[in-house]
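Since the structure comes first, as structure tokens, the remarks are kept for the end.
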Amino acid sequence: MANGLAGTTLRIDLRNGEIKRFPTDESLYRNWHGGRGIIAKILYDEVPRDADPLGEENILILNAGIMSGSFIPAGSKVSFGSISPLTNGHGDSNMGGHLGPMLKFAGYDMVIFEGISPHPVYLYIDNEKVELRDASKYWGMKSLECEARLKKDLGEDFEIATIGPAGENGVLFSCITHDFGRQAGRTGQGAVMGSKKLKAIAIRGNRSLHVHDLKGLRKQVKGIIERTKVHPNMEPWQKYGTSFFMRWSNDNAVLPAYNFRTTYYPDVDKIDGDQLVEKCLITHKACFGCWMNCGKYTKAVIPGKPEVHLEGPEYETGSTCGSNLGMKDINHVAYINWLVDELGMDSMSSGGVIAFAMECFERGLITEKDLEGHTLKWGSVDDVEHFLDMVVNKRGIGEWFAQGTKRAAEKIGRGSEKFAMQVKGQELSGYDGRWAPGMLLSYMTADIGAHHNRSWTITVDIAEGREKVEGRAKIVVYLQHIRPLFDTWCICRLFWGELDITHEELVESLNYITGWGVSVEETLRISEKIWNLNRCHYIERNRANGRFFDYPPARSWEDKIPDGPGKGKGLTKEQIEKMLDEYYDARGWDRQGNPTREVLEDLGIGYAADNLEKLGFLGKPIPGGIPPVRGEKYKPKAF
Amino acid sequence: MKREGGMVIYLKAGSELRNRLNPDVDYYTRRVVTQPGKTIREILVDLGINPGLVAFGYTRGRLVRLDHVPKDGEIITLKPPVSGG
């Protein structure tokens, strides 16, 4: 196939080990563009609305998209998807590294896992050879340990994805790990993989991928390489990655500290990126097809504990597991990063869950007795290590926290819901939105629960005025269309965000690869279609008006920022309601947050309108009709 | 060429920040006449650029914060914040 696809899709029934091969359906890719798009469509069509996310009827999808494995910059990603046990809606999460390209080099575009295996297995792919193999001897191993063991047993040239004990035990924010530190972290994909008794995926392949216009693609990529080599952002990026934004976040009052109680962390310089480079850095790491090497391979050294090696912490982990937990030493942050990586937990959700538990302990809502005689104090690595052991093994109240902050707060009660920092069951990433209204709206409306990568607006908030909420919704909608496109194509966003590779150039690459001749506008409409389908899916599964699910925890409006550069700042509930109204207007949804038939039919998914209508959640027609274009590109003010 | 009592530094920026810098030397670089002793933060304010849009500076292979005081002739890359690959 001269269209960037490998040509074959695998469907694997884990109940009986049956492996079916199908020619990859190019029309599916043409309509949904791969990655999270195809995952959204298959989940919507195939998983019953009442299916338990950890039960037989959920499916787990591995999709390498249309551009992963080509030699366009950072064509390295792969997406995992299933109904999320954390949010009970569409879930997807992607990872960099080498797994996606290797899947395609082995000849496969997608693997769909159905059912639950009667015993632990791993998927073995070596070009034509596809087998489910017994994984009994790997079951119980930690994530990085299991990856190392499989490489030793199978060969260094296999690319491996694993789950850890958290995924095996059904911790709802479990991740899937690859390349000793790349994770599909969000939405609990590791828990679904564990529920299926699928311990790992091991892939080796050496086949070629064929593209529509190799000459054109080569010329374009050569130009991109020449341009990005001299881009001013390249060198600092190669040297420091994302870890250096802690200080900036602190200075600008968006850094979460002490469970998002404040945005001011006086010890930020002890856990910032220069400390990481000075004390922990071993070497730099890059994903397939990338010369930015933003990954930092590091060590954590704490007296009395073993020296451990890991990738990170990057910014998100540094904030959620650093300042948010009151850590005051970069080695401590790195050690916690390693702990959650080995256990196989999403580091962002882990940081949120631990911080929530710490605040509950501080307030006396959980006690030393609940914690098996231990404390859970801000800044204590030992306390965190013990608490995580309770969580991963679901001992005592560890069972509550293994279900994430939302469900833990429901168990604890006594007002704890106010500071359980999540939306739709997923914990916030490493930014506080109280003085960054666009960012808060991004969290509130993200299709997979709170997540920064769907839309990140903080520089827009700073540039446009942080007290103002008007006009922000349209920009959030635009970003929610363009940013997730990268997870659809399975390529990294950083060349776009950091090195001035334009959306137009990427669509040109897509056309060189596929020969489809799509336009920039068409790609945005496909992304909007995916977004709307996921919204319908969420409402269909959770059975209430969409608006009901879009509120952040009450801390977001009840508590102003108590100190630091943002002291006294914060949004009111009225401002939050106003942002939601504007957001729904910008999307062509009704004020209850339900998609309207007009929008869904305009996007070619009228069947979703039929389904919503049957349930009584179809949006009411908008007086004056829907906006012809939903979302508005951010144009900075000139001066 | 220096102004009397002043000095020249060169600021470089890519991506969104480049639009705000208005480069005049080459595609990424702007020549800035400023007063000795001013920090990067103060120079940005003088240029009408919100310092919140700059994460840090990068000069001679190392990172500097916005309280760094540039020397005459120094070339400083302004690194914008970014989120998520």
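The values are calculated or read from the model by the stated rules, or taken from the named source; none is laboratory data. Predicted, not measured: the structure shown is a model, and the values here were computed from it. Methodologically, a virtual Cβ is constructed for each residue, glycine included, from the backbone with ideal geometry; neighbour enumeration extends over all protein chains shown.
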Among what's in the range A:581-593 and is in a helix (DSSP H, G or I) and of a type in the set (D, E, K, R), pick the residue that is surrounded by the fewest Cβ atoms within 10 Å (Cβ to Cβ). A:D581
Looking only at the range A:288-315, which residues are out of contact with any Lys or Arg (no Cβ under 8 Å at 6 or more places or on another chain), in contact (Cβ under 8 Å) with a residue 60 or more places away in the chain and buried (at least 24 other Cβ atoms within 10 Å of the Cβ)? A:P313, A:Y315
Can you pull out every residue in the range A:264-274 that is within 12 Å of chain B (Cβ to nearest Cβ) and out of contact with any Lys or Arg (no Cβ under 6 Å at 6 or more places or on another chain)? A:D269, A:G273, A:D274
Which helices (runs of 4 or more DSSP H) does the range A:284-363 wholly contain that include 1 or more residues that are among the aromatic types (F, W, Y) and under 17 Å from the mean Cα position of the chain (by Cα)? A:315-320
Working only within the range A:41-98, note down all residues that are of a type in the set (S, T, Y) and either within 27 Å of A:C287 (Cα to Cα) or surrounded by 24 or more Cβ atoms within 10 Å (Cβ to Cβ) (or both). A:S68, A:S70, A:S76, A:S79, A:S82, A:S84, A:T87, A:S93
Count of the range A:445-467 residues which are crowded, with 24+ Cβ neighbours inside 10 Å, small (G, A, S) and either in a helix (DSSP H, G or I) or facing chain B (nearest Cβ under 10 Å) (or both): 1
Among the residues of the range A:468-486, is there at least one that is over 27 Å from A:K578 (Cβ atoms), under 17 Å from the mean Cα position of the chain (by Cα) and within 14 Å of another protein chain (Cβ to nearest Cβ)? yes
Quick check on the range A:582-596. Is at least one of its residues within 14 Å of another protein chain (Cβ to nearest Cβ), within 27 Å of A:R483 (Cβ to Cβ) and hydroxyl-bearing (S, T, Y)? no
Helices (runs of 4 or more DSSP H) wholly in the range A:496-580 with at least 2 residues that are free of Cβ contacts under 8 Å to residues at least 24 places away in the same chain and farther than 22 Å from A:T405 by Cα - which ones? A:503-514, A:520-542
Quick one: is A:I605 away from chain B (no Cβ under 14 Å), surrounded by 12 or more Cβ atoms within 10 Å (Cβ to Cβ) and over 16 Å from A:R535 (Cα atoms)? no
List the residue pairs whose Cβ atoms are under 6 Å apart, where the first residue sits in the range A:346-364 and is surrounded by fewer than 24 Cβ atoms within 10 Å (Cβ to Cβ) and modelled with pLDDT of 95 or more, the second is aromatic (F, W, Y) and assigned to a helix (DSSP H, G or I), and the two are 6 or more positions apart or on different chains. A:E359/A:F419
Within the set of pairs 6 or more residues apart or between chains, which connect a residue that is assigned by TED's automatic domain parsing to the domain that holds A:S143 inside the range A:389-414 to a residue that is not basic (K, R) with Cβ atoms less than 7 Å apart? none
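Can you give me the ranges of the helices (runs of 4 or more DSSP H) entirely in the range A:193-260 with at least 2 residues that are within 14 Å of chain B (Cβ to nearest Cβ), within 30 Å of A:S319 (Cβ to Cβ) and at pLDDT 95 or above?
Of the helices (runs of 4 or more DSSP H) lying wholly inside the range A:193-260, those with at least 2 residues that are within 14 Å of chain B (Cβ to nearest Cβ), within 30 Å of A:S319 (Cβ to Cβ) and at pLDDT 95 or above span A:245-251.
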Between a first residue in the range A:600-621 that is of a type in the set (D, E, K, R) and a second residue that is in a loop (DSSP other than H, G, I, E, B), which pairs have beta carbons less than 6 Å apart while being 6 or more apart in sequence or on different chains? A:K620/A:D590
Hey, A:I38 more than 24 Å from A:G181 (Cα to Cα), β-branched (V, I, T) and assigned by TED's automatic domain parsing to the domain that holds A:V171 or not: yes
